[in-house]
Amino acid sequence: MHRGCNHAHLILANVVVLGLMPLMVSINARAQIAFSSDRDGDREIYVMDADGKKLRKLTNNRFADSYPSWSPDGKRIAFSSDRAGSFGDRNWEIYVMDANGGNPRNLTNNPAKDWMPSWSPDGKHIVFASGRDHKNWEIYVMDVNGKNPQRLTNNLWFDVDPSWSPDGKRIVFSSYRDRDKDYEIYVMDVNGKNQRNLTNNPAFDWMPSWSPDGERIAFVSHRDENWEIYVMDADGGNPRRLTKNPAHDYSPSWSPGSERIVFSSDRDGNLENFEIYVMNTDGARHTLNLSKNRRNDTAPAWYSPAFAVAPAGKKLTMWGWLKQVDR
């Protein structure tokens, strides 16, 4: 009787898996990567599928648009733009638009530069870097409508590159406060408290990106005398290099399942042409050029709706349930 029951559960589990497979495949096929490109003469925000196909331009103006960040539901993209002001007096501000490029609107309005936005996992806040306090770069957070900006860091040197932890409890960022060591990777609570150094290396470490599973942080480092992509545990332990190339590798961004990393690099023989690449998180194989353009493609940001259905900080547990059924 017990064996028959287990057999019935196994059949049920297989039926569920087979029923969900087309849905999972179709969802993964709609995974998208937003990035900035000057292929049409000035920097604009583009989006493409995760395989590099179906390229679409989202912004179209004579100024520069960069640093895209997806909302958790995939319906909007925050980005930086210097479209405010005239050509002689450009000023970077944070904007948001619909995911198809429609309805762009200004969130910040400050004479200092505001850029590098990162959306919170619950979709309620945007963290960003700003030079509004005596032209010293600090980390700020605001509501998604641009209201209630609050400064999180306060020191005499630059804090930039903020990235949320997937549980929404912490923010990782780059800081120049340890001037004898160049930029370092720091982490803090979302209220700015408990700031601590994760890298503690005399070389340049910056551009951190938290993995969706919360276990690792990718970053860019010059510790091997070349700009490479590294990864470390979320507590700063076990740092290891993923790329090994004489060119420059920048701006890592994780796939939703934390199994791949997209980044920008000028490795294809032209040191003035950055492309968007993707690699496995071991960095050892399957490094592919996704953008393939003669102009600069930078600042990639990965989004997939497959993981947007789970609340912030929660992991999808279907596979664990199926495993339990099969016991």
Review point. Among all the aspartates and glutamates, which ones have a C-alpha under 18 Å from LYS169's C-alpha, if same-chain residues fewer than 8 places away are not counted?
Key: ASP122, ASP143, ASP161, ASP189, ASP213, GLU215, ASP233, ASP235
**Study point:** Lys/Arg +1, Asp/Glu -1 at C-beta; segment 94-212 dipole; positive extreme among ASN200, LEU152, SER175
**Key:** LEU152
Review point. Ordered by packing density, taken as the mean number of other Cβ atoms within 10 Å over each peptide's residues, highest first, how do 37-45, 257-265 rank?
Key: 257-265, 37-45
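Using the structure shown, list the pairs from LYS75/LYS113; LYS54/LYS75; LYS57/LYS292; LYS54/LYS124; LYS53/LYS244 with a Cα-Cα distance above 21 Å, or answer none.
Values: LYS75/LYS113 26 Å; LYS54/LYS75 18 Å; LYS57/LYS292 15 Å; LYS54/LYS124 30 Å; LYS53/LYS244 27 Å.
Flagged as over cut-off: LYS75/LYS113; LYS54/LYS124; LYS53/LYS244.
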Check your understanding: In segment 40-75, which residues have a backbone nitrogen under 18 Å from the label point lying 7 Å from VAL144's Cα in the Cα-to-Cβ direction?
Key -> 68-75
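Suppose the chain between ASN245 and HIS134 were pulled fully straight at 0.36 nm per residue; how much longer would it get relative to their current alpha carbon spacing? Don't jump to the answer; show the numbers that get you there.
Numbers: separation 111, 0.36 × 111 = 39.96 nm, distance 3.84 nm.
Length gained between ASN245 and HIS134: 36.1 nm.
Read the figures in this text as sums done on the coordinates, not as results from a lab. Being a predicted model, the structure only gives us computed values, none of them experimental. In this analysis, Cβ positions are derived from the backbone assuming ideal geometry, glycine residues included, and neighbour counts consider all displayed protein chains.
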